[in-house]
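The values are calculated or read from the model by the stated rules, or taken from the named source; none is laboratory data. Bear in mind the structure is a predicted one, so any value in this text is a computation, not a measurement. Heads up, the Cβs are rebuilt from the backbone with ideal geometry, glycines too, and the neighbour counts pull from every protein chain shown.
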Amino acid sequence: MITIDIVKKEDAREIRVVLEASFPTHAEADLVDAIIASEYYVSELALVARDNDEIVGYSLLSECFLEDERILVLAPVAVKPAWQKRGVGSQLIEAGISKAKRTEYRCISVLGHAEYYPRFGFEKAWQYGIKAPFDVPDENFLVYRIADKLSEGTVGYPASFDGV
């Protein structure tokens, strides 16, 4: 049975294993290290999926910017290949959204699959006057509204995202 927990310091090595197994390069694992070392890391929004004692998935919501306002960005979500297509990623995303709703952040941004993220309530960012800071198809830059009213503008990412 999968349980979703907040990351503990001793999970770091296993999280890196999950990230390196889930992506073709080490860029996402390095991104997580950079976010954790930054002021934009929100420890209560870093989650792991466990099967007993084994970490099989990971998700991170950290801070980015919408003009002068701090909002959240979902990146990355990773699931060990043997556990993919079994709902682990969905559980992590849903738990992250649930925790984010109990914060003062007004939205979550994600650059992701146009058909996957809308099932969780993500909508095209352009509908709210929110733009990506780089050229990306509109259907892949999404936001999840926590507040009724969102600011308009361009999302900015902290320097920790520069290597990705």
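Things worth noting here:
- Restricting 38, 59 to residues that are under 20 Å from residue 133 (Cβ atoms), in contact with a helix residue (DSSP H, G or I) (Cβ under 7 Å, 6 or more places away or on another chain), at pLDDT 95 or above and of a type outside the set (A, V, I, L, M) narrows the list to 38.
- Subset of segment 89-138 [among the polar types (S, T, N, Q), closer than 18 Å to residue 64 by Cα and buried (at least 17 other Cβ atoms within 10 Å of the Cβ)]: 109
- Test: residue in segment 72-81 that is surrounded by fewer than 18 Cβ atoms within 10 Å (Cβ to Cβ), of a type outside the set (D, E, K, R), closer than 30 Å to residue 1 by Cα and in contact (Cβ under 8 Å) with a residue 24 or more places away in the chain: yes
- Residue under evaluation residue 8, criteria (1) surrounded by fewer than 20 Cβ atoms within 10 Å (Cβ to Cβ); (2) closer than 24 Å to residue 108 by Cα; (3) touching a residue at least 12 places away in the same chain (Cβ under 8 Å), criterion not met: (3)
- Contact annotation: residue pairs with Cβ atoms under 7 Å, 6 or more positions apart or on different chains, pairing a residue in segment 146-164 that is modelled with pLDDT of 95 or more with a partner that is buried (at least 18 other Cβ atoms within 10 Å of the Cβ) and in a helix (DSSP H, G or I), are 146/100.
- Restricting attention to segment 33-50, the residues that are touching a strand residue (DSSP E or B) at 6+ places or on another chain (Cβ under 7 Å) and surrounded by 15 or more Cβ atoms within 10 Å (Cβ to Cβ) total 10.
- Among the residues of segment 82-116, just one is touching a residue at least 40 places away in the same chain (Cβ under 8 Å) and of a type in the set (Phe, Trp, Tyr), namely 105.
- Whether a residue is within 13 Å of the chain's Cα centre (by Cα) and at pLDDT 95 or above was assessed, and residue 97 passes this test.
- Listed by first and then second residue, the pairs linking a residue in segment 31-60 that is more than 21 Å from residue 161 (Cα to Cα) to a residue that is in a loop (DSSP other than H, G, I, E, B) and modelled with pLDDT under 95, with Cβ atoms under 9 Å apart and 6 or more places separating them unless they lie on different chains, are 51/1; 52/1.
- For segment 122-132, the criterion of being touching an Asp or Glu at 6+ places or on another chain (Cβ under 7 Å) and of a type in the set (Val, Ile, Thr) is met by at least one residue.
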